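K.L.:
What follows is a single structure, and I will ask about it in a moment.
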Protein chains: 2
Amino acid sequence: LLKLDSLKKIWEPVAQTLEPDKKLPVGKRPRVVVIGTGFGGLNVVHGLAEQEVEVIVIDRNNYHGFWPLLYQVATAELVPDAIAFPAREVIHKYKNLKFYMDEVTGIDLEKKQVQVTEGEPVSYDYLILAAGSANNYFGNKDLPKHTYSLKDIDQAVELRQGLLSAFERAVLEPDEKQRAKLLTFVIVGAGPTGVELAGAMAELIRPIIHKDYPTLNENQVRIVLVEAHSSALDQFPPKLQQHAQKRLQKMGVEIRQNSKVAKVENGLITFDGGATMEAATVVWAAGVRASELAENLGIKLAHSGRVPVQPTLNLKEHPEVFVVGDMAYLEGYKGHEAYPMVAQVAIQQGRQAAQNVLAQVRQQPLQPFHYFDKGTMATLGRNDAVVDAFGVQLNGLIGWFIWLVVHIYFLLGIRNRVLVMLAWAYNYLTYRQGVRLIGRQHPEPRAEAVNQ
Amino acid sequence: LLKLDSLKKIWEPVAQTLEPDKKLPVGKRPRVVVIGTGFGGLNVVHGLAEQEVEVIVIDRNNYHGFWPLLYQVATAELVPDAIAFPAREVIHKYKNLKFYMDEVTGIDLEKKQVQVTEGEPVSYDYLILAAGSANNYFGNKDLPKHTYSLKDIDQAVELRQGLLSAFERAVLEPDEKQRAKLLTFVIVGAGPTGVELAGAMAELIRPIIHKDYPTLNENQVRIVLVEAHSSALDQFPPKLQQHAQKRLQKMGVEIRQNSKVAKVENGLITFDGGATMEAATVVWAAGVRASELAENLGIKLAHSGRVPVQPTLNLKEHPEVFVVGDMAYLEGYKGHEAYPMVAQVAIQQGRQAAQNVLAQVRQQPLQPFHYFDKGTMATLGRNDAVVDAFGVQLNGLIGWFIWLVVHIYFLLGIRNRVLVMLAWAYNYLTYRQGVRLIGRQHPEPRAEAVNQ
């Protein structure tokens, strides 16, 4: 590292003469405001670090959350800190970057200004929107009150507390039917999030029932994965879909296909067609939509509330405004589909948007976004994962191993990698004998109304 | 372990013939209800494990919290899981023990029944109260609303979030005076908790100011330890008091002696005599009192709301009811003082109470409580602690090393010990470059009213 620094000291003056416009006086540098420190935002930040722009990054949290492992926080495999990387740890390395922990409440495209909750409004020359996504309840306003969701660390902790306290409450529940309800866990939506969560829940629950809750009846425990379509993981090839379904069933997960949820109220799920089901814990993983921030732009939004962008990732009417990742709507995936709301798209769009901002600053032509599809994968508990990448379809132990390596690789920071690897090794060897801490903030399973 | 088990199989039938009354038929065994899984409760449980009683342990949390390290959760040194040990992990080992996670709301000494929030009332033949302590606000009802406290994990996490977000808010605060208020941290009470917290806060804050908040002025940061008496740690010998004060001052902690806090409101502290001080973060560590449960007994309580017990640790009018630890009031410490509210008293009283319950069951005479004083200690940040034990007074590196060993030794569970040792080693080597995660639940410093 010392050597790298000395090389830098030699190189930097040379670089300045080669690219003199890179070193505009500080006061005259254009200001780029980046909203969000997710995969999109962080890649924008990396692309703008040490360039001739002043960058202000705004996020309501002070960390970058590694959401692909969020379900493991909900199932007590990982502590929240293991998947959170401090935003300032990235940002303090570079002098042209600043971080504000604040919540963006509005965007004025005409005044080129961002309104926030805590601080003063922030003006920009260029704006990059990378605020990610939120759960999609398809207009049903009661769903968020009666279901858990899994979109950030606080929600994951809340779900973990709900899961674990359901067992504690079942111990105290004299009524057989109510006990069965407390021990029924429903996940709505069998995409990668729903599938990974269902597998992890099955692995959490079996051993603790045996070991810690001898008075509960194991046969009353149900984990139900509800899917509106005909199969779990329907974006995967049919062979992998079938493998995933068989594996989940073997782990004790019931899969309820072709079932659309119409309503969830106090632990009573009503399906389209009128069938019902009782479960104290209902997790909504049936869809995502762009962050509500998109609605502030006064622009006609595309499917899932996403912001339509040009191939260069900026707005037609406001070329100084870029949108990346889950918030952006752009067609071109597999021919003419919209790019999916996944980490890889956000990462690559973040890089491209940073380059295009610099191109505008340098009055050079912007480049359109090209996606390099690295494939997709999902774990199915211990020793198994489905992987569909580069035309190859894998499952079983080799898929699981690839999943492990890829997730450790993309996790930020040595400390987080060590924390995650240690926790995984410990959980693997002990079959999850970790601490299953229930906090006092949310003792009630959210979807539950046992005593009503 | 396998060998131990086979030995047990040989020994147990022998033991039964030797002590035939130990194996009463299950239905006829007297029931002991233990309230609390702190140091007192857990030691009762160990004493009653595999004896001829049925034991029901009730706690509102599902874990035993190792409170001596709680301040390290508040200062982002340890994750909450590291100091929490699952109650069921202790209890599931023995067949005569059961655990209920529930909140006790009342005790009927005549009916011999405990009322709880979730489950049915629980009847007992013997009751052991070990519900610990709460913050003592000396009747001031506004204090808990305007100050942080440090009595359980949720409070520690809340304080951590308040501490860290104070810096994030200071970055956004244009007004100099308000920024100074945000960067002032006051701890009321310079007993071991206040002193350890002040030292850990100083060590947390100095490096992050330098590294992560270049725009903030380090000289605006104040950590103030307020003490009503003439010195910090006034239960320690004068030599150690002086050492502790010097060391804290060297770390940048201001000590305000002979200052009694009269009022705290929206970050404005008013002292007796009228002096005032502004601080966004005020932590109340000025005293403890017995758990409010004591008030349910209909008994005249002693100092700090503690329950007066006989030397055998039970109530005179209800000899089947025992009280141990912080909740119990018994004189005999250093002659005629009340036993202090510390872990060692709770541990030893827990053991004695278990023995006395069994003595009652076996119709043998009860034994009075005898305290073996193992001394007291407090850390003063990195490489320093004061230790006063067995007539020896130590400080500096050797005191710190003893502190480390003792705390690792008393921590329950191999997993927790490993977690804590790894975190300490990491923090020690990197000067606290860990994750400083702020959750979204409590973004506002509690005592703060910057925008009013």
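K.L.:
What is the residue count in segment B:164-181 for residues that are assigned to a helix (DSSP H, G or I) and either open to solvent by 20 Å² or more (accessible area, probe 1.4 Å) or more than 18 Å from B:ASN266 (Cβ to Cβ) (or both)?
P.N.:
Total satisfying the criteria: 11.
K.L.:
If A:PHE185 meets every condition in (1) assigned to a helix (DSSP H, G or I); (2) buried (at least 24 other Cβ atoms within 10 Å of the Cβ) apart from one, which number is that one?
P.N.:
A:PHE185 satisfies all of (1) assigned to a helix (DSSP H, G or I); (2) buried (at least 24 other Cβ atoms within 10 Å of the Cβ) except (1).
K.L.:
Scan segment A:272-293 for residues that are of a type in the set (A, V, I, L, M, F, W, C) and either closer than 23 Å to A:ARG160 by Cα or without any contact (Cβ under 8 Å) to a residue 24 or more places away in the chain (or both) and jot them down.
P.N.:
Correct list: A:ALA275, A:MET277, A:ALA279, A:ALA280, A:VAL282, A:VAL283, A:TRP284, A:ALA285, A:ALA286, A:VAL288.
K.L.:
Testing B:LYS260 on (1) buried (at least 20 other Cβ atoms within 10 Å of the Cβ); (2) within 27 Å of B:ALA198 (Cβ to Cβ), one condition comes back false. Which one is that?
P.N.:
Condition not satisfied by B:LYS260: (1).
K.L.:
For residues that are assigned to a loop (DSSP other than H, G, I, E, B), touching a Lys or Arg at 6+ places or on another chain (Cβ under 8 Å) and surrounded by fewer than 23 Cβ atoms within 10 Å (Cβ to Cβ), tally how many sit in segment B:280-312.
P.N.:
Total satisfying the criteria: 1.
K.L.:
With respect to A:LYS93, is the statement that it is over 19 Å from A:TRP67 (Cβ atoms), in a loop (DSSP other than H, G, I, E, B) and away from chain B (no Cβ under 11 Å) true?
P.N.:
no
K.L.:
Give the number of residues within segment A:112-123 that are at the interface with another protein chain (Cβ under 8 Å from one of its Cβ atoms) and free of Cβ contacts under 8 Å to residues at least 12 places away in the same chain.
P.N.:
Within segment A:112-123, residues that are at the interface with another protein chain (Cβ under 8 Å from one of its Cβ atoms) and free of Cβ contacts under 8 Å to residues at least 12 places away in the same chain number 1.
K.L.:
For B:LEU109, state whether it is more than 11 Å from chain A (Cβ to nearest Cβ) and within 27 Å of B:PRO308 (Cα to Cα).
P.N.:
Taking the combined requirement at face value, the residue satisfies it.
K.L.:
Also, quick follow-up: Take the residues of segment A:429-452 that are at pLDDT 55 or above, more than 9 Å from chain B (Cβ to nearest Cβ) and under 19 Å from A:ARG160 (Cα atoms): which is least open to solvent (accessible area, probe 1.4 Å)?
P.N.:
Filtering segment A:429-452 for residues that are at pLDDT 55 or above, more than 9 Å from chain B (Cβ to nearest Cβ) and under 19 Å from A:ARG160 (Cα atoms), the one least open to solvent (accessible area, probe 1.4 Å) comes out as A:ARG432.
K.L.:
Give the number of residues within segment A:126-158 that are outside any helix (DSSP H, G or I), open to solvent by 70 Å² or more (accessible area, probe 1.4 Å) and of a type outside the set (A, V, I, L, M, F, W, C). I'd like the intermediate steps shown before the answer.
P.N.:
The initial filter retains those residues of segment A:126-158 that are outside any helix (DSSP H, G or I), namely A:126-142, A:147-152.
So of that shortlist, the ones also open to solvent by 70 Å² or more (accessible area, probe 1.4 Å) come out as A:138-139, A:141.
Going one step further and asking which of them are of a type outside the set (A, V, I, L, M, F, W, C), we end up with A:139, A:141.
Count: 2.
K.L.:
Considering only segment B:67-88, I want to know if a residue exists there that is within 14 Å of chain A (Cβ to nearest Cβ), out of contact with any helix residue (DSSP H, G or I) (no Cβ under 8 Å at 6 or more places or on another chain), under 30 Å from B:GLN51 (Cβ atoms) and part of a loop (DSSP other than H, G, I, E, B).
P.N.:
No, every residue in segment B:67-88 fails to be within 14 Å of chain A (Cβ to nearest Cβ), out of contact with any helix residue (DSSP H, G or I) (no Cβ under 8 Å at 6 or more places or on another chain), under 30 Å from B:GLN51 (Cβ atoms) and part of a loop (DSSP other than H, G, I, E, B).
K.L.:
Further question: Quick check: anything in segment A:377-389 under 20 Å from the mean Cα position of the chain (by Cα), of a type outside the set (Phe, Trp, Tyr) and either open to solvent by 20 Å² or more (accessible area, probe 1.4 Å) or within 14 Å of chain B (Cβ to nearest Cβ) (or both)?
P.N.:
Yes.
K.L.:
Can you name the residue in segment A:318-365 that is of a type in the set (Asp, Glu) and in contact (Cβ under 8 Å) with a residue 60 or more places away in the chain and is also surrounded by the most Cβ atoms within 10 Å (Cβ to Cβ) among such residues?
P.N.:
For segment A:318-365, the residue satisfying everything is A:ASP326.
K.L.:
Out of curiosity, is B:LYS98 more than 14 Å from every other protein chain (Cβ to nearest Cβ), open to solvent by 10 Å² or more (accessible area, probe 1.4 Å) and either part of a strand (DSSP E or B) or free of Cβ contacts under 8 Å to residues at least 12 places away in the same chain (or both)?
P.N.:
no
K.L.:
For segment B:373-414, enumerate the residues that are small (Gly, Ala, Ser) and closer than 27 Å to B:THR430 by Cα.
P.N.:
Once the filter is applied, which keeps residues that are small (Gly, Ala, Ser) and closer than 27 Å to B:THR430 by Cα, segment B:373-414 yields B:ALA378, B:GLY381, B:ALA385, B:GLY396, B:GLY399, B:GLY413.
K.L.:
Where the second residue is of a type in the set (Phe, Trp, Tyr) and open to solvent by 60 Å² or more (accessible area, probe 1.4 Å) and the first is touching a residue at least 24 places away in the same chain (Cβ under 8 Å) and lies in segment B:201-220, which pairs have Cβ atoms under 6 Å and are six or more apart or on separate chains?
P.N.:
Pairs that qualify, where the first residue is touching a residue at least 24 places away in the same chain (Cβ under 8 Å) and the partner is of a type in the set (Phe, Trp, Tyr) and open to solvent by 60 Å² or more (accessible area, probe 1.4 Å), are B:PRO207/B:TYR431.
K.L.:
Give me the strands (runs of 3 or more DSSP E) completely within segment A:200-276, filtered to those with at least 1 residues that are out of contact with any helix residue (DSSP H, G or I) (no Cβ under 9 Å at 6 or more places or on another chain), ordered by residue number.
P.N.:
So the answer is A:253-256, A:261-265, A:268-271.
K.L.:
Of these, B:THR105, B:THR193, which one is part of a strand (DSSP E or B) and open to solvent by 30 Å² or more (accessible area, probe 1.4 Å)?
P.N.:
Testing whether each residue is part of a strand (DSSP E or B) and open to solvent by 30 Å² or more (accessible area, probe 1.4 Å) leaves just B:THR105.
K.L.:
Sticking with this structure for a sec: Output the residues belonging to segment B:351-368 that are closer than 11 Å to B:ASN43 by Cα and out of contact with any Phe, Trp or Tyr (no Cβ under 7 Å at 6 or more places or on another chain).
P.N.:
B:ARG351, B:ALA354, B:GLN355, listed by residue number.
The values are calculated or read from the model by the stated rules, or taken from the named source; none is laboratory data. These figures come from a predicted structure and were not determined experimentally. Heads up, the Cβs are rebuilt from the backbone with ideal geometry, glycines too, and the neighbour counts pull from every protein chain shown. Surface accessibility is based on the protein's heavy atoms, side chains included, excluding ligands, DNA and RNA. Shrake-Rupley method; radii C 1.70, N 1.55, O 1.52, S 1.80 Å.
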